[in-house]
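J.: Dumping the structure here so I can ask a few things about it.
Every number in this text was worked out from the coordinates using simple rules, so none of it is lab data. Predicted model only: the values in this text are computed from it and were never measured. Positions of Cβ are backbone-derived with ideal geometry, glycine not excepted, and every protein chain shown enters the neighbour counts.
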Amino acid sequence: MDGNEDALAETTDVRWLASAAEGFAALAQADRVRLILALGDDELSANHLADIAALSPSAVHEHLAVLAFHGFVSSQRYGDRLFYRVSNPLVSQFILSKLPIPADTRFGHPRGDPKGEGQR
């Protein structure tokens with residue numbers, strides 16, 4: 001067997017495959033992908049994400065809950081505020097690899113600068 005066949009043989013547990021499919025289904029919602037791209041490699045509050053992604057704070061909280069459940073984002077509390085980050089940078093890289101836009105831009109601004117105030 002080659003490497004792909006070995007990997008497939010190791011992952012044929014139906015529960016594992018179902019869980020993987022559910023994770024991909026969570027990413028099939030455009031607003032969730034938008035939030036992952038907005039996070040990039042930053043750590044942001046839900047309200048900041050709502051501003052960047054042009055979504056209501058309640059919608060952002062709902063999407064982040066789904067993304068966290070599937071392990072795509074994690075959170076850290078600082079005082080009374082909760083900040084989110086992408087759990088694994090490979091998730092963002094995978095999404096960016098599927099988009100027909102340059103990988104160094106996000107929402108029309110230089111990467112990491114959602115307000116368009118200049119480059120890092």
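J.: Between N47 and E62, how many nm apart are label points set 7 Å from Cα along the C-beta direction?
T.: Inter-label distance under the simple model: 2.1 nm.
J.: Between R77 and Q29, take the C-beta separation as r, use R0 = 22 Å, and let me know the FRET efficiency to the nearest 0.05.
T.: Calculated value: 0.30.
J.: So between N88 and L17, what do we pick up on full extension, going 0.36 nm a residue minus the alpha carbon distance?
T.: Numbers: separation 71, 0.36 × 71 = 25.56 nm, distance 1.95 nm.
Working it through step by step, the gained length comes to 23.6 nm.
J.: Let me ask you something else. In terms of modelled amide H atoms, which long-range or inter-chain residues lie less than 5 Å from the amide H of V73?
T.: Here A68, S87 satisfy the definition.
J.: Using each residue's phi in the stretch 24-34, evaluate 6.51 cos²θ - 1.76 cosθ + 1.60 at θ = phi - 60° and report the 3J(HN,Hα) Karplus result to the nearest Hz, with x for Gly and Pro.
T.: Whole-Hz 3J(HN,Hα) from phi for the stretch 24-34: 5, 5, 4, 7, 7, 9, 4, 5, 5, 5, 4.
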